[in-house]
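The values are calculated or read from the model by the stated rules, or taken from the named source; none is laboratory data. These figures come from a predicted structure and were not determined experimentally. Just the protein is used for accessible areas: all its heavy atoms, side chains included, with ligands, DNA and RNA removed. Shrake-Rupley method; radii C 1.70, N 1.55, O 1.52, S 1.80 Å.
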Amino acid sequence: MLETRTIYRSELIDFLREIPELQATIGCTQSEPHRFDVLSHTLQVVDYVRNFNDIRSYGPAGDERPYEGLTRGEILELAAWLHDIGKPETKTSRMQDGKECCISFYGHDDSGAKLCYLILPRLGLSFADTRAVSNLVELHLRPAFLARLWPQVTDHALYRLDVASREWLP
């Protein structure tokens, strides 16, 4: 498993206990460009988000609690933990020469967003905080899709992403 700077074994064990749905991500293989299974990739993303939060050193605006209980940084980190939670149930692949290939996870963003509504209230999050995390999980693929299309991306596509994410991003 990938070692990260800020995620400690005890913290991971606690997350797996609190969010058993994450257990299905252990050993859930992915295709390129991913080099790790889904859980290891998730840990890497969480580490990046924590580094981003550190670099950003949230001032008064970032520490605000725009919803009911979580700060923007906490919402972003929870979205990082859950951004690929829908992958195990949407995974499809085929075998070729005894190896798994053509791996895809169509709809994992929508599936993950729906899972947020089951997982986060169980952890005691308010509806507003759950909705914020769920929306980020649902939107997490859009920036990468737009980056792949660059420079053919239209201003309207960027505007739609901005409108869809404006409320949820720090």
Discussion item. If a residue must be within 18 Å of the chain's Cα centre (by Cα) and open to solvent by 30 Å² or more (accessible area, probe 1.4 Å), how many such residues does the stretch 87-104 contain?
Written reply: 3
Worksheet item: What is the residue count in the stretch 126-170 for residues that are polar (S, T, N, Q), under 17 Å from the mean Cα position of the chain (by Cα) and open to solvent by 30 Å² or more (accessible area, probe 1.4 Å)?
Response: 1
Discussion item. Among the residues in the stretch 58-71, are any modelled with pLDDT of 85 or more, open to solvent by less than 40 Å² (accessible area, probe 1.4 Å) and of a type in the set (V, I, T)?
Written reply: no
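Could we say that G107 is open to solvent by 60 Å² or more (accessible area, probe 1.4 Å) and not charged (D, E, K, R) here? Steps first, answer last, please.
On the way: open to solvent by 60 Å² or more (accessible area, probe 1.4 Å): no; not charged (D, E, K, R): yes.
The answer is no for G107.
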Discussion item. For the condition under 17 Å from the mean Cα position of the chain (by Cα), modelled with pLDDT of 85 or more and in a loop (DSSP other than H, G, I, E, B), what is the one hit in D84, D109?
Written reply: D84
